[in-house]
Amino acid sequence: TAGITQAPTSQILAAGRSMTLRCTQDMRHNAMYWYRQDLGLGLRLIHYSNTAGTTGKGEVPDGYSVSRANTDDFPLTLASAVPSQTSVYFCASSTRAHTEAFFGQGTRLTVV
Amino acid sequence: DAKTTQPNSMESNEEEPVHLPCNHSTISGTDYIHWYRQLPSQGPEYVIHGLTSNVNNRMASLAIAEDRKSSTLILHRATLRDAAVYYCILRRANAGGTSYGKLTFGQGTILTVHP
């Protein structure tokens, strides 16, 4: 099974440009999450979605937007990238609070 | 969300047991205790979780204190592949079991395994 897939694996992006990080899962999980991981700061929640059609803000939502048109896809968009958004981004999915979450392999984004 | 406290780092020798502690003194009755680990250059992976009773699976054991204010992840025989950052996380469920409970990560414990 594919599980949870992120694309691209890595990207170099010019500051001011927009970009969408893709995340797809085939497990029919209701909840999906986007995290960023920076050296020394651990994983921080950007946005989440508990079900298709609903989204919520995490700890560091500024500069990012998400949508959840269906159960499987949860894209993360940077409308106008800035160098401080250089990070490794992880997507995750799960069902309920008492079940495990699955993570993608990450997207390494460098904004120059 | 209730917070967890873990040691910054721990060391172990290969094939010895490892006990990774986690304090969660403000845990609520509906918080599940989850453990994840992250190997170098990979996404986090699930290890184990529990609510009140001790839990065992093929990867590890989870020992939960009677008052639930602390827990310990036990790796019975550490291998070099177990070297990773281990995260202890609380996920809140509601009484109806319909809550998804955000995964909020702390700094975790860096486990070093020596040959």
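By the count of neighbouring beta-carbon atoms within 10 Å, fewest first, A:ILE12, A:ILE4 end up ordered A:ILE12, A:ILE4.
Averaged over the residues of B:103-109, the number of partner chain Cβ atoms lying within 10 Å of the residue Cβ comes to 5.
Across peptide B:41-51, the mean count of Cβ atoms from other chains lying within 10 Å of each residue's own Cβ comes to 5.
Overall size of chain B from C-alpha positions, given as principal axis extents largest first: 46, 30, 24 Å. Placing +1 on each Lys and Arg Cβ and -1 on each Asp and Glu Cβ, with no other charges, gives chain A a dipole about its Cα centre of roughly 80 debye.
Residue by residue along A:46-57, Cβ atoms of other protein chains within 10 Å of the local Cβ number 1 on average.
A crude spin-label estimate for the pair A:VAL82 and A:ALA14, with each label 7 Å from Cα along the Cβ direction, gives 2.0 nm. Here the Karplus curve 6.51 cos²θ - 1.76 cosθ + 1.60, taken at θ = phi - 60°, turns the phi angles of the stretch B:68-80 into couplings of 6, 8, 8, 8, 9, 8, 10, 9, 6, 9, 5, 10, 4 Hz, with x standing for Gly and Pro.
Only Cα pairs under 8 Å and 6+ residues apart enter the sum, and on that basis the relative contact order of chain A stands at 35 percent. If the segment from B:ASN13 to B:ARG58 were pulled out straight at 0.36 nm per residue, it would be longer than the present Cα-Cα gap by 14.2 nm. Note on the stretch A:1-58: dipole from Cβ charges, positive end direction compared against A:ALA52, A:ALA14, A:GLY42; the farthest Cα belongs to A:ALA14. If you take all other residues with their beta carbon under 12 Å from the beta carbon of A:ALA101, and give Lys and Arg +1 and Asp and Glu -1, the sum is +1.
In terms of surrounding Cβ atoms within a 10 Å radius of their Cβ, A:THR86, A:THR107, B:THR52 rank from fewest to most as B:THR52, A:THR86, A:THR107.
Could you line up A:PHE102, A:PHE74 from fewest to most neighbouring Cβ atoms inside 10 Å? Walk me through the numbers on the way to the answer.
Numbers: A:PHE102 18, A:PHE74 29.
Least to most surrounded, the residues fall as A:PHE102, A:PHE74.
Computed from phi, the 3J(HN,Hα) profile of the stretch B:45-53 under the Karplus parametrisation 6.51, -1.76, 1.60 (θ = phi - 60°) reads 10, 5, 10, 6, 8, x, 10, 10, 8 Hz, with x in place of Gly and Pro.
Dipole magnitude for the protein assembly as shown: about 520 debye, using +1 per Lys or Arg Cβ and -1 per Asp or Glu Cβ, origin at the Cα centre.
Read-outs: derived from the displayed coordinates by stated rules, not from any lab. Please read all numbers here as calculations on a predicted model, not as lab measurements. FYI the Cβ positions are ideal-geometry reconstructions off the backbone, even for glycines, and counts take in every protein chain you see.
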